[in-house]
Structures are given as C-alpha cells and as structure tokens.
Amino acid sequence: MSTASVSLPNWITYGLMPLLNLTLAFVISGLVVWLIGENPFEAVKLLLIGALGRGEGIGFTLFYATNFIFTGLSVAVAIHAGLFNIGSEGQAYLGGLGAALVALALDNYLPWYATMPFAILGAAAAGAAWAFIPAWLQAKRGSHIVITTIMFNFIGAALMVYLLVNVLIVPGKMAPETRTFLEGGQLPKLDWLMELFGLKLGAAPFNFSFIIALVMCVVVWFLIWRTKFGYEMRTLGISPSAASYAGIPYARTVIITMLISGGLAGMMALNPVMGASARLQVEFVGGAGFVGIAVSLMGRNHPLGIVLAALLFGILYQGGGELSFDMPNITRDMIVVIQGLVILFAGALEFMFRPALVRIYQNFVKA
Amino acid sequence: MTDQPAIELVGIDKKFGAVHANKNINLTVAKGSIHGIIGENGAGKSTLMSILYGFYQADSGEIRINGKPVNIKDSQTAINAGIGMVHQHFMLVENFTVLENIMLGAEGGALLAKGVASARAELKRLETDYGLDVDPDAVIEELAVGLQQRVEILKAMYRGAEILILDEPTGVLTPSEADHLFKILGVLRDQGKTVILITHKLREIMAITDTVSVMRRGEMVATRKTKETSVEELAELMVGRRVLLRVEKGEASPGDVVLSVRNLTVKDNRGVTMVDNVSFDVRAGEIVGIAGVAGNGQSELLEALSGIRQPSSGEILIDGQPIGRASPARLRELGLAHIPEDRHHMGLVLKFEEYENAVLGYHRDPKYGRGFMLDLDAMQADATEKIEKYDIRPPNPRLKTANFSGGNQQKIVVAREIERDPRILLIGQPTRGVDIGAIEFIHRRIIDMRDQGKALLLVSVELDEIRALSDRILVMFAGHIVGEKTAEAGEQTLGLMMAGIAA
Ligand SMILES: Nc1ncnc2c1ncn2[C@@H]1O[C@H](COP(=O)(O)OP(=O)(O)OP(=O)(O)O)[C@@H](O)[C@H]1O
Ligand SMILES: [Mg+2]
C-alpha cells in the first residue's frame, strides 16, 4: 500500500518482476513434480528439450505461440478500453468459419498469397461479427460483457458443430470437417525461416500465420498508442467519467473496440485451419482463447510482452506434451496445473514482489 | 519530557528523479500546538507529510517523535508512533457504516462482537471529548463531505493519534463545515494533541494556527509565530514577491446574450431533481457567478450545460439556437469550453502523461494529428507551450499526471480550456487547491477573457472568489435560483440567501 505510488525503472517492472514470478511458479511446480515422485530437474530438462531441443519441437512451440499472440492481442485491445473480453475463444472458432469459407471458395482459382488477404478479412469479419452482439448489448443495454461473451462461447461452439455436422461436412464422410483445401487455400510452412537458423521443421505446422501475427502486433501497438481512436479507448479504459467529459462516445467506442478485439481473435483461426490442418474441424481452437487472457495479463497488455508471454506458453504447451509422453506419472492434467501456476504467479499475483523490490531499490538508490 | 517537541524533522531530503521535492528540511513542531505549513504548488508540502506518515522514505535525514529518533518505514510504524493523517481524498469504504470504517484494520481479535462493543464505547468517548459527533451507524456514502472528513479524524484518533496531519482539509468543505472543523482542531489542541495543517488559505492560517512555516521550491524558507506575522508577509514569503490579494477589474461591457437557459430541470443519477426550472442568460463580455453551498445543484447545472448530462426538461440555447441533445464534443465545436469542478474525476486521466491530458477533449483537432493519427510531437510542443505560459512545475510534458502536485494538476486543466480561446467558458471551482500566486494568475486570465468579450459562467463555493470575479451573482439554493445580486452585495446578504433564509 505505502509503496504503490513509488515508480520503479522499467527494467524492474517489465524485466525483473516477471522473471521472479516465473521462477517462483517453476519452483512450486518443481515441488509438485517432486511430490508425485519424479525428479523435477529431469522434468524441466525434458520439457525444455521437448519444446526447444530440435527444429520440429521449436516449430510446434512457435505454432502454438502464434495462436496465443492472436488471442492475447484480442484480449489486450479490449482491456485497454476497460472491457474484459472472455469471448476470444468463441470469436476464434467463428473466425475459422470465415477463413474456411474463403479458402473453399477461392482455393481452386487463386494462389495462396492471393487467397490470403481475403481469408484474413473473412476470419476477422467472422470473429468481429461474433463479438458484435455482446458489444452492442454492453453499449446500449449495459449487459455485462463478461457474461455475454461467455454465453457466446457456448452458442458459437454449438453453432459450429451444427454447421460442420449438417452443412459443411463432406457427403459420405464420417468426420465432422470440411474437405481439405487445395494449395491455393493453404498458408505455406516457414521451413525456409527455420533453415536460416540451420533447423529442420519436420512435421511441425509452423506457418505464415506467424508473420501475420507479428504484423498484427505492430498494428495493435500503433492503434493503441498512435491513433486518436486508441487515445479514446485508453481514456475510456482508465476513466469513464473523464471520457464522458471529453465527449468520447461510449457506445461507439465500446462497439468498435470489440469489433477489433473479435477480429483479432478470428484471425487466430488462420493458423490451425489454413496453416496446419488445411480444413475446418470441430474444436480446433482448443482453449487458446482462454490462454490469451493469461498471455495478455502476463504481457502487461503490450504487444511486445504478449509475444514473450505467448512464447512462454508455447513452450509450456509443446514441452508439456512431450513431458507427459516421457514421464507417464506427469499426465496432461499435471501440465495444466503447471500452466495454472504460471498464470497465478505471473498474472494474478503479478505485484506480489513489488513492495519488497521497492524497498530494495530505494535502499540501493540511497546508498 | 514534556518540553520535547512533538515532531522534529532534521535534514530531510527527497528526490523524485530530477525533481528535488524536499531539500534538507528542518522543522520543529511544538507539542499541543497547531502548526500551519504553506507554500506554492509543488513546493513539497505533501511530499514532506508523506515522508512523516511513511508513504515515502526520505533519501536522507532524521525524524524524531517526542525527542526519540524513529525510523518510519511504512504507515503502520507512523500509526504506532502516534501519527494520524487525514488525506485530501478520503480513504473510506463507501458502503460501510461509520463504526465499521473506524474499526477497519483495528478490529482487535478474531471475534467481531466484542470488538464492536468496545469500539462503540471508545467512539462515544471520542465524541464527547472532542466534539466529533457523527452517527456511528450511518453509511458513509450518505454522509456530507464534512462529516466524512470527521470520520477520517475519528479513525486517526481511534488509533491513538497524538499528532494529526491534515493536507488541504478545507478544499472540499463549505464555510460552515470548515468552521466546525476548526473548532474540532481547537479542542484537539486544548487536549494536548499536535496538529499540522496544510492549506492555501491564509485566512485559515491566521485564524487557527499558532505557528506557521513556509516552503518554497523544496526548501523551508521561514517559520513565524502566527501572532507576529500578517497575510501580506506570508504571501510574499511564499511566492518571493508581492502578491495582489484582490484582482482589479474594470467595468464590464456586456454585449449580446450568448448562452441562455430556459426552464431547465436536471436530475442526478438517482433520479432526484437537482436543478429545478432554472432560467438565466449569460452575455458576451460578462462573468456570471453562481454562488451556493456545495450540493445545491451547481454540479448538475454545469454537467447539463456542457452536454455531459441530459436535462429532463427545459432548453439550453447558444446564440439563440437550441442545442438539443448536443454531445460535449459538439459543444466544443460550438466554442464552449468547460473547466470541470472535479479534476480527478473528470478533468484529467491521472495515469496519462501530462501532454496527453493537455489535449483531452480536443484530441480530434487536426492540430494534434491528421486523419486518424495522433502527432505526438505536435501534442508535446503544444503542452510545453502551456507549461511555460502557466508556470506548471515540473516543466515536463512526459511526466505522469498523477505525479504533479494538486495545484499544478489544476493548472493543466485551466491552461487547456482557456488556451482554446472559447466563446463560452464554464468554470467550476477554478482555484481549488491552487496557491495564491497561481490564483492571482488564473483570476487575471478569467478577467482578460471577459474583457475580450467572452461569456463566462463561474461556479465556486468560495464566496470571496465569486465576489471578486463576478459581474452578476446568481444564488442557488435547493436547485432554484433564489435571487440575483451584484458583486457589491455583502457577504452577509449572500450568505443568508445561500442558506435559503432570505431572497
Ligand atoms: N511520485 C512522484 N513522482 C515524481 N514526482 C513527484 C512525485 N510526487 C511528487 N512529485 C513532485 O514533487 C514536487 C512536490 O510535490 P508535492 O505534492 O509535495 O507539492 P505540494 O507542496 O503538496 O503542492 P500542492 O500545493 O500543489 O499540493 C512536485 O514537483 C511534484 O511534481
Ligand atoms: Mg499537496
């Protein structure tokens, strides 16, 4: 309390503090691993080798990270305007529909790089559309966006299953999925990028979506800190009363922000749908929308932080998978526990070390 | 033991980056006295008190309480050392009762019931001893500001405070609430408690303190016995030059009606009618003052006129044209600017850097970036200009607004709205928390605007300010305008009208 108003240099706030939190999360995870009778050091080693040991592992790690960058950006944009968008999961799911429809329509006629802009627009438009109704309800009726976006996750999931089972399914097939896109509807793998570093991509689905994600990081940074609309978003997010004084229209700002947020979530679908499986399948989002909340929190709602946090969660996802394969005692659920600990310490308890750091820093500066 | 001073600060030094907020401060406060601290905005008064109360740590120096050196490393140590603080922005839980707020953090044991009973008894004693009467079962949000402040004082006393610090306590009080506060402080002193009072109002210093210390630019420049000094000397010590304590202004030459209000009725968020069928005009080249005790509808009137709150009936006209449901943005385009009453709530986004606040409300102006983009260089250049013109300290447009002192924050808002050169200016409490030198400057600017033919509407709870600036005074009571007077009207007359007794 008494230290809350002291400002610390950026390298402590954005470097040291997250690092300490992360270390603590790993120490506690290590204890848990030790309690179930495995060697924690061995486990860390397996996890890191699984995620970063070979080109293929890195490829998977970056593939997951790409998902998390998109959903992290989606959550962050909304948070800057004071909106907690829990619906990135559903918006990404619907984004898949937008991307798939474009790919199915064009893959026969166009090369991938010509399909891509339309697919980006399609995915973003579908995600944005799915965010629109909760946004409208919040803006005009005051229905809380947290509740409505959660509801829309369920509705979206049901809708997608219905469409895949009844409409988009390939006639005569059992699996609820679309046909495989032709090459014109696929995003190319980034094996050339890996080869620059002398790595082999192998079977990993690391693809062009990663580049789109990085471009979106720059776009989001620009939007928030360099545009008039971003200024209005931030004003509304920090002080709704100052926003109303300044004549910033509440409803318009909320709706546009949520459309952008939903659009970013929708674009996540490009990665698994057009970059990996080359078809639309059920449940392809797989929780990435929710991980986006943690990624945004941990990345302090800043695109650079989001990239770093997304990489961390990519490592946990990929390395965790490998680990549960090598140490059967450590199940998939254990990995979820470890991810939960990281979220707890790096997200929810992000300021736990702050008072102590302030003291140390002040003594250090005095001396 | 008894002749030990209650507080001794020896060589206190504090820097915030490049800002040297406290330079080698020495201060002695006698036990059982009321000690005033005055100084310009940003002089370092709040910082010094925050160090005494453990919010900040001094870079060097020593604090002695009753002659004993104490290392005050947080507020808890300060409380244990018998120091209590009443913050300008109250730290009360709005939907708790008075009793619950007072016990908060000092519940005493795991079982609440026993603590409640003894707290109630202790509260009773404090009430009778110090004249601090409030209903222990009243909910905070339903209490008037003056009473909330009393709860803050009770909270400190309940924790055994021997030394009470009040940082600009009267800024939010009505004159009668302020009088009552001073009575309480007098009783506290008579009971042997020590009080430190920070204020910009020299009249209060003269009325209540025993000793007064003056700070300027981080230094403690003088300490005087109140009996042996004068308002003029203090003003000069503070600012370093002679200050005009009363603005001079010529006759107004009012022109056409620019702003008219017809049968305006405005409700607050709870649906209570706060402005009731009010009509008046403001002409070009005149200042119309609205006098009234806080909470009689002035805030809602300003909000309706600036487009923040939709009136429930009646009309507002600019140049004879009804504005309908014009938004604040549209009204700005029509040449209406607004210095809001509450800078923290409306006028500023405290987490923004200074230059971002310097364009709040005008950020869509092409001057600050073409199309949808913001031109940060243009914004910062613009902010730097205003900082120079209004002597905002420290002169750094990149500093977070929360890190400016209260008075300098106010100057950021005033500079933004006046420099827009509007045709109509709505002014709410323009000098709240502002030092006398800056008050002189702001009043000068307001009168200049009048002389340039602008229409100005001034709302202030400071009767002196209303009388000094206004060409016509409307008195507001319980949502009605109960009468109109000229600036020559006596304080007595206006006071009675404000209380709803005379018309
Ligand atoms: N946390 C902070 N970080 C950086 N600068 C600060 C911080 N707190 C205060 N300052 C600076 O220290 C100086 C002294 O501020 P302080 O609030 O003590 O002034 P003050 O005398 O209380 O003024 P006022 O009468 O306007 O309230 C100012 O220049 C202010 O900008
Ligand atoms: Mg202050």
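In region B:398-436, the residue that is farthest from ligand 2 (Cβ to nearest atom) out of those that are part of a helix (DSSP H, G or I) and surrounded by fewer than 20 Cβ atoms within 10 Å (Cβ to Cβ) is B:GLU419. All told, B:ALA110 falls short of being modelled with pLDDT of 90 or more and either aliphatic (A, V, I, L, M) or within 16 Å of ligand 2 (Cβ to nearest atom) (or both). Restricting B:ILE392, B:ILE339 to residues that are within 14 Å of another protein chain (Cβ to nearest Cβ) and aliphatic (A, V, I, L, M) narrows the list to B:ILE339. On inspection, B:GLU491 does not qualify as surrounded by 22 or more Cβ atoms within 10 Å (Cβ to Cβ), away from ligand 1 (no atom under 16 Å from the Cβ) and in contact (Cβ under 8 Å) with a residue 24 or more places away in the chain. Every listed requirement among (1) within 14 Å of another protein chain (Cβ to nearest Cβ); (2) within 26 Å of B:GLU204 (Cβ to Cβ) is met by B:ILE290 save one, (1). Only residues that are farther than 22 Å from B:SER405 by Cα and within 16 Å of ligand 1 (Cβ to nearest atom) were counted across region B:40-97, and they come to 1. Regarding B:LEU173, is this residue within 16 Å of ligand 1 (Cβ to nearest atom) and either open to solvent by less than 60 Å² (accessible area, probe 1.4 Å) or out of contact with any Asp or Glu (no Cβ under 6 Å at 6 or more places or on another chain) (or both)? No, not satisfied.
Taking the residues in region B:127-148 that are touching a Leu at 6+ places or on another chain (Cβ under 7 Å) and touching a residue at least 60 places away in the same chain (Cβ under 8 Å) as candidates, determine which candidate is nearest to ligand 1 (Cβ to nearest atom). Checking each candidate, the answer is B:VAL145. Out of B:ARG203, B:ARG241, one residue alone is away from ligand 1 (no atom under 16 Å from the Cβ) and out of contact with any Asp or Glu (no Cβ under 9 Å at 6 or more places or on another chain). It is B:ARG241.
Checking the stated criteria, B:ALA222 turns out to be in the same structural domain as B:ALA21 (by TED's automatic domain parsing), free of Cβ contacts under 8 Å to residues at least 40 places away in the same chain, within 16 Å of ligand 1 (Cβ to nearest atom) and among the small types (Gly, Ala, Ser).
Listed here are the residues, each with its yes/no results for (1) among the polar types (S, T, N, Q); (2) open to solvent by less than 40 Å² (accessible area, probe 1.4 Å); (3) within 30 Å of A:HIS144 (Cβ to Cβ); (4) within 14 Å of chain B (Cβ to nearest Cβ).
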residue: A:GLY198; (1), (2), (3), (4): no, no, no, no
residue: A:THR227; (1), (2), (3), (4): yes, yes, yes, yes
residue: A:GLU232; (1), (2), (3), (4): no, yes, yes, yes
residue: A:THR235; (1), (2), (3), (4): yes, yes, yes, yes
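Taken together, the residues in region B:310-328 that are closer than 17 Å to B:ASP276 by Cα and either among the small types (Gly, Ala, Ser) or at the interface with chain A (Cβ under 9 Å from one of its Cβ atoms) (or both) amount to 3. Among the residues making up region B:395-418, those that are touching a helix residue (DSSP H, G or I) at 6+ places or on another chain (Cβ under 6 Å) and either away from ligand 1 (no atom under 16 Å from the Cβ) or within 11 Å of chain A (Cβ to nearest Cβ) (or both) are B:LEU399, B:THR401, B:VAL413, B:ILE418.
Within region A:308-367, restricting attention to residues that are within 18 Å of A:GLY15 (Cα to Cα) and not in a helix (DSSP H, G or I), the residue that is most open to solvent (accessible area, probe 1.4 Å) is A:PHE351. Restricted to region B:149-207, and to residues there that are among the hydroxyl-bearing types (Ser, Thr, Tyr) and part of a loop (DSSP other than H, G, I, E, B), the residue that is farthest from ligand 2 (Cβ to nearest atom) is B:THR174.
Residue under question is B:LEU331, and the condition is that it be away from chain A (no Cβ under 14 Å), open to solvent by less than 10 Å² (accessible area, probe 1.4 Å) and not in a strand (DSSP E or B); does it hold? So B:LEU331 does not fit the description; no.
Residues in region B:347-367 that are facing another protein chain (nearest Cβ under 8 Å) and not in a loop (DSSP other than H, G, I, E, B): 2 in all.
Residues that are open to solvent by less than 20 Å² (accessible area, probe 1.4 Å) and within 12 Å of chain A (Cβ to nearest Cβ) number at least 1 in the following helices (runs of 4 or more DSSP H) confined to region B:1-113: B:45-52, B:75-80.
The values are calculated or read from the model by the stated rules, or taken from the named source; none is laboratory data. Remember, predicted model here, so these are calculated numbers, not experimental data. When we count neighbours, we look across all protein chains shown, and the Cβ atoms used for this are built from the backbone with ideal geometry, even at glycine. Areas reflect the complete protein model, heavy atoms only, side chains present, ligands, DNA and RNA absent. Shrake-Rupley method; radii C 1.70, N 1.55, O 1.52, S 1.80 Å.
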